[in-house]
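Below is one structure, written out as structure tokens; the observations come after it.
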There are 2 protein chains.
Amino acid sequence: MKRISVDMDGVIANVYSQFLKLYTAETGKIITLEDAVGKFEHEVFENAYQYVTSPGFFRHAPVMEGSQQVLEKLNDQYKVFIVSAAMEFPTSFGEKRDWLNEHFPFIGWQQMVFCGSKEIIKADIMIDDHFKNLNYFTGETILFTQPHNQLADEGVHKRVDNWQQIEQLLLP
Amino acid sequence: MKRISVDMDGVIANVYSQFLKLYTAETGKIITLEDAVGKFEHEVFENAYQYVTSPGFFRHAPVMEGSQQVLEKLNDQYKVFIVSAAMEFPTSFGEKRDWLNEHFPFIGWQQMVFCGSKEIIKADIMIDDHFKNLNYFTGETILFTQPHNQLADEGVHKRVDNWQQIEQLLLP
């Protein structure tokens, strides 16, 4: 059975909507996609670090559309691991585990990985929104579109815009 | 640079001494090595689960003798990752990270991994006290002696009894 490494933030957890929400709550302004495209979160939101370290930021992130249904099917045909670079924000550990348990109850604790660098991950397929993770992975790579990578050339990675496209790729 | 996956509990963190301490505090009895050898912790200590989930169990574990000095040297010549199967006990996340930061300040957050199953770990060398981790690893395996594995045939794994032996093996 093939192993898949699935990222959390920006792939199954819609943290971008959390950034937008907190920014508007703080400033009263609205960020449009034109403001955000091609930029990392900390380039768009001046107080991005404060947002991600505020209680509830990860716990209350919306689920990415379609991810629950597709991941539940993938979980029958692949060894699925949820791999999150959570180590930078240790206050997020509990929130991320609680969030996974609530929204992805079919994912056991054996399938969860919180790491720093993903160069230690051994899998056949990696789904991620960051080149820094995909570029050092030796298996099949799937780039999940997010505002920060939207303008980039996907290079050797397959780009997908949503979970329906992942389903078509991996569950033909 | 070769990657080493280094286990926490029973390799750099002396959690066994925590079990012994809590057992004696609870029962007034003393466990000898003869009582413990060849048995898993939950077979020796009736309330092992309560011990590991009690606050401070991981935070106040003594450091394994010699591990700081040897790991600091290894850290110059290898890519060291501290890989702990912490996912089963989510309350341990913060304690384990704080413990690492205090006792191994030269290990950055990029080098820490909290997982469930270690079959997702890609490295060249794995140091661990559990066969369940070493047996599924395809690189070089080093079995760190602990009471539960003391009677077992080490099979294809190199057995070490302390960190001085690791130094001799990996920093010749």
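Just so it is clear, none of the values below were taken in a lab; they were calculated from the coordinates. Nothing here was measured: the structure is a model prediction, and the numbers come from that model. Here the Cβ positions follow ideal geometry from the backbone for every residue, glycine too, while neighbour counts run over all protein chains shown.
Distances, shortest first, from the label point of B:GLU119 to those at the same position in the other copies read 2.6 nm; the point lies 7 Å along Cα to C-beta. Applying 0.36 nm per residue to the separation of B:LEU169 and B:THR53 and subtracting their alpha-carbon distance, the gain on full extension is 38.3 nm. Compared with the dominant Cα axis of chain B, that is its longest principal axis, helix B:67-77 is turned about 20°. When each of B:ILE30, B:ILE12 is scored by the number of other beta-carbon atoms lying within 10 Å, the sequence from fewest to most is B:ILE30, B:ILE12.
The loop-placed chymotrypsin sites (Phe, Trp or Tyr not before Pro) in region B:101-160, going by DSSP, that have at most 14 neighbouring Cβ atoms within 10 Å of their Cβ come out as B:PHE106, B:TYR136.
Each copy carries a label point for A:SER54 at 7 Å from Cα along the beta-carbon vector; from one copy to the others these points are 3.9 nm apart, nearest first. Helix-only arithmetic for chain A: the sum of -39500 (n - 2.57) across DSSP H runs with n ≥ 4, divided by the residue total, places the mean residue ellipticity at 222 nm at -9500 deg cm²/dmol. Measure nothing fancy, just the Cα-based angle from helix A:92-103's long axis to the longest principal axis of chain A, in degrees from 0 to 90, nearest 10. Taking Cα atoms only, the helix is inclined about 60 degrees. Entry note, chain B: relative contact order of 31 percent, from Cα contacts under 8 Å with a spacing of 6+ residues. Among the listed pairs A:LYS39/A:LYS132; B:LYS2/B:LYS132; B:LYS39/B:LYS132; A:LYS73/A:LYS118; A:LYS122/B:LYS118; A:LYS79/A:LYS122, those with a Cα-Cα distance over 18 Å are B:LYS2/B:LYS132; A:LYS73/A:LYS118.
First check a/c for the protein assembly as shown, with a ≥ b ≥ c the square roots of the eigenvalues of its C-alpha gyration tensor; if it is under 1.5, answer rounded, and if not, answer prolate when a/b is larger than b/c or oblate otherwise. Because a/c hits 1.5 or more and a/b exceeds b/c, the protein assembly as shown counts as prolate.
When B:ALA152 is represented by a point 7 angstrom out along its Cα-to-C-beta vector, the spacings to that point in the other copies are 4.1 nm, nearest first. Tell me whether region A:60-169 comes out rounded, prolate or oblate; compute the Cα gyration tensor, take square roots of the eigenvalues as a ≥ b ≥ c, and use a/c under 1.5 as the rounded threshold. The shape class here is rounded.
Is region A:127-172 best put as rounded, prolate or oblate by its Cα gyration tensor, with a ≥ b ≥ c the root eigenvalues, rounded for a/c under 1.5, and otherwise prolate when a/b is larger than b/c, oblate when not? Oblate. Axis of helix B:15-27 versus longest Cα principal axis of chain B: the two differ by about 10°, to the nearest ten degrees. For A:LYS79, the amide hydrogen comes within under 5 Å of the amide hydrogens of A:LYS2, A:ARG3, A:ILE4, counting only partners 5 or more places away or on other chains and with H modelled in the peptide plane. In this structure, the amide hydrogen of B:ASP129, modeled 1.01 Å from its nitrogen in the peptide plane, lies closer than 5 angstrom to those of B:PHE144, counting only residues at least 5 positions away or on a different chain.
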